[in-house]
1. Criterion first (at pLDDT below 95, out of contact with any helix residue (DSSP H, G or I) (no Cβ under 7 Å at 6 or more places or on another chain) and over 30 Å from Phe12 (Cβ atoms)) does Phe90 satisfy it?
2. Quick one: would you say Ala41 is without any contact (Cβ under 8 Å) to a residue 12 or more places away in the chain, within 17 Å of Ile153 (Cα to Cα), open to solvent by less than 30 Å² (accessible area, probe 1.4 Å) and not basic (Lys, Arg)?
3. Output the number of residues of segment 220-232 satisfying the condition of being open to solvent by less than 70 Å² (accessible area, probe 1.4 Å), of a type outside the set (S, T, N, Q) and more than 26 Å from Asp245 (Cβ to Cβ).
4. Just to be sure before I move on: is Ile292 at pLDDT 90 or above and farther than 30 Å from Thr180 by Cα in the structure I sent?
5. Scanning for something basic (Lys, Arg), open to solvent by less than 50 Å² (accessible area, probe 1.4 Å), on the phi < 0 side of the Ramachandran plot and out of contact with any His (no Cβ under 8 Å at 6 or more places or on another chain), does segment 58-68 turn up at least one residue?
6. Against the conditions (1) under 27 Å from Met246 (Cα atoms); (2) touching a residue at least 40 places away in the same chain (Cβ under 8 Å), where does Leu205 fall short? Just the number, please.
7. Going through segment 1-40 one residue at a time, which ones are in contact with a Lys or Arg (Cβ under 9 Å, 6 or more places away or on another chain) and either closer than 12 Å to Leu151 by Cα or not hydrophobic (A, V, I, L, M, F, W, C) (or both)?
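The values are calculated or read from the model by the stated rules, or taken from the named source; none is laboratory data. This one's a predicted model, so the numbers in the text were calculated from it and none came from an experiment. A quick note on method: Cβ atoms are made from the backbone with ideal geometry, for glycine too, and the neighbour counts reach across all protein chains shown. With ligands, DNA and RNA removed, areas are computed over all heavy atoms of the protein, side chains included. Shrake-Rupley method; radii C 1.70, N 1.55, O 1.52, S 1.80 Å.
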Amino acid sequence: MVFSSFVFLFAFLPLSLLCYFASPDRMKNAILLMFSLFFYAWGEPLWIVILLFNVFAGWIGGRLIERYRGLPAARTALVLSVACQVLLLFHFKYLGFALQSFSSLTGIPIAYIDPGLPIGISFFTFHLISYLADVYRAEAPALRSYSKLLLYISMFPQLVAGPIIRYADVQERLHARTVTLSGFSYGIGRFAVGLGKKVIFANALGEISPLFLDGDLRGLSVLGAWFGMLLFALHIYFDFSGYSDMAIGLGRMFGFTFKENFEYPYISSSATEFWRRWNISVGRFFRDYVYIPLGETAGGRG
């Protein structure tokens with residue numbers, strides 16, 4: 001189910017909002033979780049088992065990290081929990097490519113049955129790593145409730161395509177949140193902007209750019225090539241940023257505030273600035289959970 005589909009716009013979203021706001025406060029998390037799991041299962045019900053297992057493994061890991069905080073066992077729990085998440089991601093997303101590459105290089109035939117790719121596995125893996133790292137750094141407490149961690153991971157606004165939301169940024173809202181009229185109105189407006197980007201611009205550009213780039217490039221003029229690349233660049237921007245706008249707007253409707261994910265990247269004056277403005281949540285994730293920890297480790301060893 002995609003945000004721009006009729007079933008989402010005219011059935012799923014209105015029904016989820018109606019049930020959410022009609023329920024008492026103590027039931028709002030359960031309602032949002034129920035609709036989020038249904039949203040995920042709509043694409044392929046089988047993969048929900050992988051989602052539930054990943055979250056369970058992360059929940060156990062977080063509890064162990066907090067239980068043994070300050071002891072070497074906490075670091076061991078972090079390493080094993082993150083390794084579990086990464087190995088599952090590798091198995092579903094990269095194992096086939098790795099085996100194919102090995103077979104091509106060595107000439108050794110390897111039988112491999114593609115298990116398929118769980119929807120959004122990269123995003124919920126990154127979210128679980130964020131949770132485990134934030135708990136280990138004592139930036140947020142481990143969740144005692146499995147269902148609240150499952151809600152954080154499976155919230156349908158950001159489940160299948162991001163943006164990546166740090167656990168420390170939303171952990172308080174998992175326990176209690178308030179939806180104001182101004183916040184809800186902002187969410188509707190932001191969602192509408194993202195929907196317009198996706199339906200009006202991204203979809204149209206996605207049909208026009210292949211007319212220049214998918215044909216016989218030998219007969220394409222220099223001006224035509226540049227025009228085709230411009231159309232493609234605008235297509236991916238409106239597609240990705242439109243989805244992020246819709247996710248941010250949906251989050252506001254349910255009382256969550258997600259950080260910006262695109263900040264006019266095409267006005268950047270350098271490649272470094274472009275990286276900071278494009279898909280900000282992904283860049284922030286790798287900075288906070290990959291580059292900085294690796295730098296600290298290397299510095300410590302030096």
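1. Details: at pLDDT below 95: yes; out of contact with any helix residue (DSSP H, G or I) (no Cβ under 7 Å at 6 or more places or on another chain): yes; over 30 Å from Phe12 (Cβ atoms): yes.
So Phe90 passes the test.
2. Numbers: without any contact (Cβ under 8 Å) to a residue 12 or more places away in the chain: yes; within 17 Å of Ile153 (Cα to Cα): yes; open to solvent by less than 30 Å² (accessible area, probe 1.4 Å): yes; not basic (Lys, Arg): yes.
Here the answer is yes, as Ala41 does meet what is asked.
3. Going residue by residue through segment 220-232, those that are open to solvent by less than 70 Å² (accessible area, probe 1.4 Å) are 220-221, 224-225, 228, 231.
Among the residues that remain, those that are also of a type outside the set (S, T, N, Q) are: 220, 224-225, 228, 231.
Restricting the remaining residues to those that are more than 26 Å from Asp245 (Cβ to Cβ) gives 220, 224-225.
The number of residues fulfilling the criteria is 3.
4. On the way: at pLDDT 90 or above: no; farther than 30 Å from Thr180 by Cα: yes.
Taking the combined requirement at face value, the residue does not satisfy it.
5. Looking through segment 58-68, none of the residues is basic (Lys, Arg), open to solvent by less than 50 Å² (accessible area, probe 1.4 Å), on the phi < 0 side of the Ramachandran plot and out of contact with any His (no Cβ under 8 Å at 6 or more places or on another chain).
6. (2)
7. Narrowing segment 1-40 to residues in contact with a Lys or Arg (Cβ under 9 Å, 6 or more places away or on another chain): 2-4, 20-21, 28-29, 33.
Ser4, Tyr20, Lys28, Asn29, Leu33, listed by residue number.
One line per residue, one yes/no per condition, for (1) free of Cβ contacts under 8 Å to residues at least 24 places away in the same chain; (2) surrounded by fewer than 18 Cβ atoms within 10 Å (Cβ to Cβ); (3) part of a helix (DSSP H, G or I):
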site: Gly242; (1), (2), (3): no, no, yes
site: Ile248; (1), (2), (3): no, no, yes
site: Thr257; (1), (2), (3): no, yes, no
site: Asn261; (1), (2), (3): no, no, no
site: Ser269; (1), (2), (3): yes, yes, no
site: Phe274; (1), (2), (3): yes, yes, yes
site: Ser281; (1), (2), (3): no, no, yes
site: Phe285; (1), (2), (3): no, no, yes
site: Tyr291; (1), (2), (3): yes, yes, yes
